[in-house]
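Below: one structure, written as structure tokens.
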Amino acid sequence: MALSLPIDPAANDLLNRDPLALLVGMTLDQQIPLEKAFTSPYVLTQRLGHEPDARELAEHDPEALITVFATPPALHRFPKAMATRVQEVCRVLVDRYDGDPAGLWTGVTDGRELLARIADLPGFGRQKAQIFLALLGKRYGVTPPGWREAAGGYGDPDAYRSVADIVDGESLRQVREYKKQAKAEAKAARG
């Protein structure tokens, strides 16, 4: 299994072989279309001229990284904030996992532990952590005991709720429809 988004095949390839690219894509996946979020790690490698590692991004000059993110077309709608966020995530990877993004999930005993590790990353609230956990389980074979339960509804095998469920254009349409319906229900609940 692997991620297969309707984006540039080279961007999909990077996401499927580089755990840092996948984590950066998930970090950027807010307030922009998911295609943009998950293509941006590929664009980042092009701008840097190589695939960065977590240590490089953690130690990168903050202003220079913001410039890389903000150069048109910007890697995110909020390039300064997201360059800072990516750098913060990479610093956690360096401090806790010796710079290895896969260290986030390597050796976990169960889904709750993995969810806690993900939720402890800067910018990863419970929902985003559950989505990333579902993505790891459904597309990358990271399936510690209880991972589906820890991922909540995002772990359901036949769900179309998040990036974890997208394998083609039709599944993308179904995920978008689910999100649209969820927003409408939330708006109605607020009154």
Test: Arg47 is open to solvent by 10 Å² or more (accessible area, probe 1.4 Å) and either farther than 24 Å from Ala164 by Cα or among the aliphatic types (A, V, I, L, M) (or both) = yes
Scanning for something out of contact with any helix residue (DSSP H, G or I) (no Cβ under 8 Å at 6 or more places or on another chain) and either open to solvent by 20 Å² or more (accessible area, probe 1.4 Å) or without any contact (Cβ under 8 Å) to a residue 12 or more places away in the chain (or both), does segment 97-105 turn up at least one residue?
-> yes
When Leu44 is evaluated against the numbered criteria (1) free of Cβ contacts under 8 Å to residues at least 40 places away in the same chain; (2) within 14 Å of the chain's Cα centre (by Cα); (3) under 25 Å from Gly125 (Cβ atoms), which criterion, by number, is the only one it fails?
-> (2)
Leu23, sole failed condition from (1) more than 23 Å from Gln174 (Cα to Cα); (2) at pLDDT below 95; (3) not aromatic (Phe, Trp, Tyr) = (2)
Name the residues in segment 14-56 that are farther than 24 Å from Ile131 by Cα, in contact with a helix residue (DSSP H, G or I) (Cβ under 6 Å, 6 or more places away or on another chain) and part of a helix (DSSP H, G or I), would you?
-> Arg47, Arg55
Determine whether segment 95-102 contains at least one residue that is hydroxyl-bearing (Ser, Thr, Tyr) and not in a helix (DSSP H, G or I).
-> no
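The values are calculated or read from the model by the stated rules, or taken from the named source; none is laboratory data. These figures come from a predicted structure and were not determined experimentally. With ideal geometry, Cβ positions are generated from the backbone for all residues, glycine too; neighbour counts draw on all protein chains shown. Note: accessible area is taken over every heavy atom of the protein model, side chains too, but ligands, DNA and RNA are not part of it. Shrake-Rupley method; radii C 1.70, N 1.55, O 1.52, S 1.80 Å.
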